[in-house]
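A.B. asks: Below is a structure I'd like to ask you about.
The values are calculated or read from the model by the stated rules, or taken from the named source; none is laboratory data. Because the structure is predicted, anything quoted here is derived from the model rather than measured. Note: ideal-geometry Cβ built from the backbone for every residue, glycine included; neighbour counts use all protein chains shown. Accessible surface is based on the protein model in full, side chains and every heavy atom, while ligands, DNA and RNA are left aside. Shrake-Rupley method; radii C 1.70, N 1.55, O 1.52, S 1.80 Å.
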Amino acid sequence: MGVQDKFTNKAEELKGRGKEAAGAATGDDDLKNEGKGDQASSGVKKGVEKAKDKANEIADKITGEH
């Protein structure tokens, strides 16, 4: 996972937490749910990037590259 991707995903997660908290504080269920969606999207992206990293590690081991 690239550094930029990590920062982008973390920013999306934090934005989602903020929206969720603001929605909960104001009783705005749409905003709260949007925040949860942002967090879920961030989590999926993190999972995909981790899978890519692992696949690259395995490929490097198979080919003998480090």
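A.B. asks: Over the chain, what is the mean sequence separation of C-alpha contacts under 8 Å (at least six apart), divided by residue count, expressed as relative contact order in percent? Before the final figure, lay out each step's value.
C.D. replies: Working: 54 pairs, mean separation 21.6, N = 66.
Relative CO of the chain lands at 33 percent.
A.B. asks: Right, something else. How much net charge surrounds Glu12 when only the other residues with a Cβ under 15 Å from the Cβ of Glu12 are counted, with Lys and Arg +1 and Asp and Glu -1?
C.D. replies: +2
A.B. asks: Run the accessible area of the chain with a 1.4 Å probe and give the carbon-and-sulfur part as a rounded percent.
C.D. replies: That share works out to 56 percent.
A.B. asks: Mind checking the per residue accessible area of the chain for me, 1.4 Å probe, whole number of Å²?
C.D. replies: 72 Å²
A.B. asks: Where nothing but the Cβ of Lys and Arg (+1) and of Asp and Glu (-1) is charged, how large is the charge dipole of the chain around its Cα centre, in debye to the nearest 20?
C.D. replies: Roughly 160 debye, rounded to the nearest 20.
A.B. asks: Helix 3-26 against the longest principal axis of the chain: what's the angle in degrees, Cα atoms only, rounded to the nearest 10?
C.D. replies: On a 0 to 90 degree scale, this one is about 20.
A.B. asks: Another one. Provide the descending list of Cα extents for the chain along its principal axes, expressed in whole angstroms.
C.D. replies: Largest first, the chain extends 56, 16, 9 Å along its Cα principal axes.
A.B. asks: If DNA, RNA and ligands are ignored and the probe is 1.4 Å, what is the ranking of Glu20, Glu34 by accessible area, most exposed first?
C.D. replies: Ranked from most to least accessible, the order is Glu34, Glu20.
A.B. asks: While we're looking at this one, here's another question. Charges on Cβ only, +1 for Lys and Arg, -1 for Asp and Glu, centred on the Cα centroid of the chain; of Val48, Gly37, Gly18, which one is farthest towards the dipole's positive end?
C.D. replies: The Cα lying farthest towards the positive end belongs to Val48.
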